[in-house]
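Some notes on the structure that comes next.
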Amino acid sequence: MGEQPILDVIGDVGSMDDDHRLLIPSRVRDSLEWFPRKGSKPFTLIADLRESGLIRLYPAERARARVDAIRRQLVADHAEPLRALAALADRYRELSYYSSDSRVHCGAAVGWHLRSASLHVMTLERRAARLQELKAALDFPDE
């Protein structure tokens, strides 16, 4: 898959309802070759909880081995493996996508991370901070 489909959906915003179900916009779903199509069985995802208000979703079948490798490394090498494993469980969470309603069922922990009260996948605060950070790059050149 080329880069153009992804470039076409940058800025699309999903919404989360009170039950922590995240609606994935149709243009985003259609641009991802691995995303299940309408009528598919429930699909397991791994959510990588990044900075507050931001997550990255991966198909579980592709990401589970990577998370397991990190888990093994923490058990073998970390000075505080139990604490590190708890943080790993906080960062990577399994979610389910249901094509019947085009929603990822996130649960309260991921909903809180996304600050679901704002109703946006990327919180308005994150969007405003990004705009401020990139202000100079986004300005029209002076004529």
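The values are calculated or read from the model by the stated rules, or taken from the named source; none is laboratory data. This structure is a prediction, so every number in the text was calculated from the model and none was measured. As a convention, Cβ positions derive from the backbone with ideal geometry for all residues, glycine included, and neighbour counts pool all protein chains shown.
Scanning the range 89-105 for residues that are more than 27 Å from Val75 (Cα to Cα) and not in a strand (DSSP E or B), which turns out nearest to the chain's Cα centre (by Cα)?
Among them, the one singled out is Ser102.
Could you check how many residues of the range 36-48 are over 16 Å from Tyr58 (Cβ atoms) and touching a residue at least 60 places away in the same chain (Cβ under 8 Å)?
Within the range 36-48, residues that are over 16 Å from Tyr58 (Cβ atoms) and touching a residue at least 60 places away in the same chain (Cβ under 8 Å) number 3.
Considering each of Val104, Val121, Val110 in turn, give the residue that is at pLDDT 90 or above and of a type in the set (Val, Ile, Thr). Explain how you work it out, then say what you get.
Values: Val121 fails: at pLDDT 90 or above; Val110 fails: at pLDDT 90 or above.
The conditions single out Val104.
Which of (1) more than 30 Å from Lys38 (Cβ to Cβ); (2) touching a Gly at 6+ places or on another chain (Cβ under 9 Å) is the odd one out, the single condition Val75 does not satisfy?
Only one criterion in (1) more than 30 Å from Lys38 (Cβ to Cβ); (2) touching a Gly at 6+ places or on another chain (Cβ under 9 Å) is unmet by Val75, namely (2).
How many residues does the range 124-143 contain that are at pLDDT 75 or above and either crowded, with 17+ Cβ neighbours inside 10 Å or in contact with a Leu (Cβ under 8 Å, 6 or more places away or on another chain) (or both)?
Total meeting the criteria: 1.
Let's see how each residue does on (1) out of contact with any Asp or Glu (no Cβ under 8 Å at 6 or more places or on another chain); (2) touching a residue at least 40 places away in the same chain (Cβ under 8 Å); (3) under 30 Å from Arg127 (Cβ atoms):
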| residue | (1), (2), (3) |
| --- | --- |
| Ser26 | yes, yes, yes |
| Trp34 | yes, no, yes |
| Ser52 | yes, yes, yes |
| Arg62 | yes, no, yes |
| Val67 | yes, no, yes |
| Leu85 | yes, no, no |
| Glu94 | yes, yes, yes |
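Please return the ranges of strands (runs of 3 or more DSSP E) entirely within the range 1-81 where 3 or more residues are at pLDDT below 85, under 12 Å from the mean Cα position of the chain (by Cα) and surrounded by 15 or more Cβ atoms within 10 Å (Cβ to Cβ). Outline the logic, then answer.
Details: elements: 21-23, 43-49, 55-59.
Per the criteria, no element qualifies.
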